[in-house]
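Engineer: Below is the structure I would like to discuss, written out as structure tokens.
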Amino acid sequence: MKANARRIKERIYKYIFSALAFASLLFLVGITITLFVEGTPLFKEVGFFKFLGGTLWYPTHSEPEYGILPLIMGSIWVTAGAVAICVPLGVGSALFINELASRRTRAFLKPFIELLAGIPSIVYGFFGIVIVAPLIQDLLNLPVGLTAFTGSLILGIMATPTVCSISEDALNFVPKEFREASFAVGANRWQTLTRVVIPAAASGISASIILGMSRAVGETMTVLMVTGGAAVMPKTFFQPVRPMTATIAAEMGETVMGSTHYHSLFAIGLILFLITLVFNIVAELISRRFRLKLGLGR
Amino acid sequence: MKNKLFLKVMAAVTGIALLSGGYAFAAKNITIKGSTTLLPIAQACAEAFMNQHLDVDISVQGGGSGVGIASIIDDTADIGDASRPAKDKEIAKGKENGVDVYENVVALDGIAVIIHPGNPVTGLTNDQIKDIYTGKISNWKEVGGNDAKIVVVSRDSSSGTFETFNKLALDDEKVRPDALLQASNQAVAMTISRTKGAIGYIGMGYLSDAVKGVEVNGISPTKENVIDGSYILARKLFMYTNGKPKGATADFILFVLSDDGQKIVEKEGFVPIK
């Protein structure tokens, strides 16, 4: 009797938790459907290639232009810059924490780096607009401090905890025997690190970089505040640009529902969604390979 | 025993009702949504109105002019704030939903063209402003200033402020594509105050000592000049309702239009309608 009651209880729990697990899948499907339903009408109204390849963005003008190439380029430049900053910072600090730091330094450093991830992005944006932008403007003698570089710098710092934390986990997963074997055949610490540990953790590190990239490309509030928002094709890192996310955030609030402009913002969201989806799939594939390589199975 | 418990419960209920005073009886709710330009007016008026009418509860939300008018069309708010008139498309959409998008003018707003306080330029003509924003003029020395690049700051193209400025100052011509975009009046003012060569535009309510408002066609951006119509970059601010306002909503709009309400409008940096 008692055993039976327990079995029923367990079954109920199982159903509750599987329902919860599938709920997030439901949300994903819902969001994807909304993006497609609201975004695809644009391709009929404007044309797919004119949308992706056009270089002018005047969605509310009486002769509207819906070219998002400058916005895509804005996102790419800012993200590329952010990667150039967060990879050395994140992977470097992961190596330090894993290889060089004493147990006490490590216990102190890792939580603090991860704390960076907990700062709200609007705070980063405010920091960027009040402190970093004027500094860059004065140091480099630019007409304005709100540039692609400013955005990259701040996004780079924001993505660092992601890169550092996952890279450090990957380094940590490298079995102790690998190092011991390497030392046993006479390799020094540097050789062990560069020829054994890093290659063994390489796919984990790559996955961390890609996740950092998708963090950077999807970030909205910060880039809206610090990149200046000029919808032009970027020529240098030191000019204002307008990433895709900033465009949606700035324009969605006041657009007329159901208009071409409204659909175009959803279409930008759709493109962005596809980009981050590809990033995440690649990261998943790489880290799966990594687990297999170390003989940890799936 | 049972009786005592009943008495205790009654006492507690009465106590809570007494403590919460008039709020326990707040029966009428007014929801206001829309333009961030009107947000300070709507908020301050709502507070003053609620102090006088304890039975009314008003909630004020931002979102933008488009959201304000859409909330009237969808009947998700009693008052939709907008810093631009409703478009024909929006009025037609309201009709489809059986909604009469009704216009109430509650205040005036001048758009101030602002520059860095350190910039020696004090005035611009409307044509010069237009040439700067469309890209024909790109150095301050062409309009009597220093030899420095002009950093053009604009608003997101779906904001009411942008729309009004684009119509009033630029005759609907396209803003140069490399103009910076900021998503709020405060963000524009902040960018201008930190960038020596910058020019931007904001609602007059957001003018402060951190930026310099320039004369347009020789007329400075002041309340008097907006009321008498000599300052050309000015616009009306609207509170839209579904049909002629009724009940508590009508009382609130009458309050905004009253002397007390218009004093609040002025205190928030806007221009009263009379």
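The values are calculated or read from the model by the stated rules, or taken from the named source; none is laboratory data. On a predicted model such as this, the values are computed, not experimentally measured, just so you know. Here Cβ is always computed from backbone atoms with ideal geometry, including for glycine, and neighbour counts include all displayed protein chains.
Engineer: Could you tell me whether the range B:143-155 includes any residue that is within 29 Å of B:G80 (Cα to Cα) and of a type outside the set (D, E, K, R)?
Structural biologist: yes
Engineer: Restricted to the range A:116-127, and to residues that are more than 17 Å from A:T245 (Cα to Cα) and touching a helix residue (DSSP H, G or I) at 6+ places or on another chain (Cβ under 6 Å), which residue is surrounded by the most Cβ atoms within 10 Å (Cβ to Cβ)?
Structural biologist: Checking each candidate, the answer is A:L116.
Engineer: Any residue that is out of contact with any Asp or Glu (no Cβ under 9 Å at 6 or more places or on another chain) and within 14 Å of chain B (Cβ to nearest Cβ) - is there at least one of those in the range A:52-61? Lay out the reasoning, then the answer.
Structural biologist: Of the range A:52-61, the ones out of contact with any Asp or Glu (no Cβ under 9 Å at 6 or more places or on another chain) are A:52-53.
When the remaining residues are screened for being within 14 Å of chain B (Cβ to nearest Cβ), the result is none.
So far as the range A:52-61 goes, no, none of its residues is out of contact with any Asp or Glu (no Cβ under 9 Å at 6 or more places or on another chain) and within 14 Å of chain B (Cβ to nearest Cβ).
Engineer: Give me the pairs, please: first residue somewhere in the range A:177-196 and within 13 Å of A:E99 (Cβ to Cβ) and assigned by TED's automatic domain parsing to the domain that holds A:E99, second residue anywhere and part of a helix (DSSP H, G or I) and basic (K, R), beta-carbon distance under 6 Å, and either six or more positions apart or on two chains.
Structural biologist: What qualifies is A:T192/A:R179.
Engineer: Residues that are modelled with pLDDT of 90 or more, of a type outside the set (A, V, I, L, M, F, W, C) and in contact with a strand residue (DSSP E or B) (Cβ under 8 Å, 6 or more places away or on another chain): does the range B:200-207 have at least one? Steps first, answer last, please.
Structural biologist: Step one: list which residues in the range B:200-207 are modelled with pLDDT of 90 or more, which gives B:200-202.
Subset that is of a type outside the set (A, V, I, L, M, F, W, C): B:200-201.
Narrowing further to those that are in contact with a strand residue (DSSP E or B) (Cβ under 8 Å, 6 or more places away or on another chain): B:200-201.
Checked the range B:200-207: at least one residue is modelled with pLDDT of 90 or more, of a type outside the set (A, V, I, L, M, F, W, C) and in contact with a strand residue (DSSP E or B) (Cβ under 8 Å, 6 or more places away or on another chain).
Engineer: Select, from A:A133, A:A159, A:A181, the only residue that is small (G, A, S), more than 24 Å from A:M213 (Cβ to Cβ) and out of contact with any Pro (no Cβ under 8 Å at 6 or more places or on another chain).
Structural biologist: The unique qualifying residue is A:A181.
Engineer: B:P245: more than 18 Å from the chain's Cα centre (by Cα), in a loop (DSSP other than H, G, I, E, B) and assigned by TED's automatic domain parsing to the domain that holds B:N51, yes or no?
Structural biologist: yes
Engineer: Please tell me if B:D147 is assigned to a loop (DSSP other than H, G, I, E, B), in contact with a strand residue (DSSP E or B) (Cβ under 7 Å, 6 or more places away or on another chain), surrounded by fewer than 20 Cβ atoms within 10 Å (Cβ to Cβ) and of a type in the set (D, E).
Structural biologist: Yes: the conditions hold for B:D147.
Engineer: Something else: So which of B:V106, B:V113, B:V67 is of a type in the set (V, I, T), at pLDDT below 90 and outside any loop (DSSP other than H, G, I, E, B)?
Structural biologist: Numbers: B:V106 fails: at pLDDT below 90; B:V113 fails: at pLDDT below 90.
Just one listed residue meets the conditions, B:V67.
Engineer: For B:G118, state whether it is in a loop (DSSP other than H, G, I, E, B) and either modelled with pLDDT of 95 or more or small (G, A, S) (or both).
Structural biologist: The answer is yes for B:G118.
Engineer: Going through the range B:195-217 one residue at a time, which ones are within 14 Å of chain A (Cβ to nearest Cβ) and either touching an Asp or Glu at 6+ places or on another chain (Cβ under 6 Å) or within 23 Å of B:S157 (Cβ to Cβ) (or both)?
Structural biologist: Restricting attention to the range B:195-217, the residues satisfying the condition of being within 14 Å of chain A (Cβ to nearest Cβ) are B:195-200, B:210.
Within the range B:195-217, B:T195, B:G197, B:A198, B:I199, B:G200 meet the criteria.
Engineer: Quick check, is A:T222 crowded, with 24+ Cβ neighbours inside 10 Å, β-branched (V, I, T) and in a helix (DSSP H, G or I)?
Structural biologist: It is true that A:T222 is crowded, with 24+ Cβ neighbours inside 10 Å, β-branched (V, I, T) and in a helix (DSSP H, G or I).
Engineer: Still on this structure, please answer the following. Has the range A:86-109 got any residue that is more than 30 Å from A:F173 (Cα to Cα), exposed (fewer than 14 other Cβ atoms within 10 Å of the Cβ), in the same structural domain as A:S152 (by TED's automatic domain parsing) and small (G, A, S)?
Structural biologist: Quick first cut of the range A:86-109, residues more than 30 Å from A:F173 (Cα to Cα) only: none.
Within the range A:86-109, none of the residues are more than 30 Å from A:F173 (Cα to Cα), exposed (fewer than 14 other Cβ atoms within 10 Å of the Cβ), in the same structural domain as A:S152 (by TED's automatic domain parsing) and small (G, A, S).
Engineer: Scan B:K136, B:K130, B:K93 and give me the residue that is within 12 Å of chain A (Cβ to nearest Cβ) and either among the basic types (K, R) or touching a Pro at 6+ places or on another chain (Cβ under 6 Å) (or both). Working first, answer last.
Structural biologist: Details: B:K136 fails: within 12 Å of chain A (Cβ to nearest Cβ); B:K130 fails: within 12 Å of chain A (Cβ to nearest Cβ).
After ruling out the rest, the residue left standing is B:K93.
Engineer: With the checklist (1) buried (at least 20 other Cβ atoms within 10 Å of the Cβ); (2) more than 10 Å from chain A (Cβ to nearest Cβ); (3) aliphatic (A, V, I, L, M) in hand, flag the one item B:V175 doesn't pass.
Structural biologist: (2)
Engineer: All but one of (1) within 17 Å of B:F238 (Cα to Cα); (2) modelled with pLDDT of 90 or more; (3) not aliphatic (A, V, I, L, M) hold for B:E47; which doesn't?
Structural biologist: (1)
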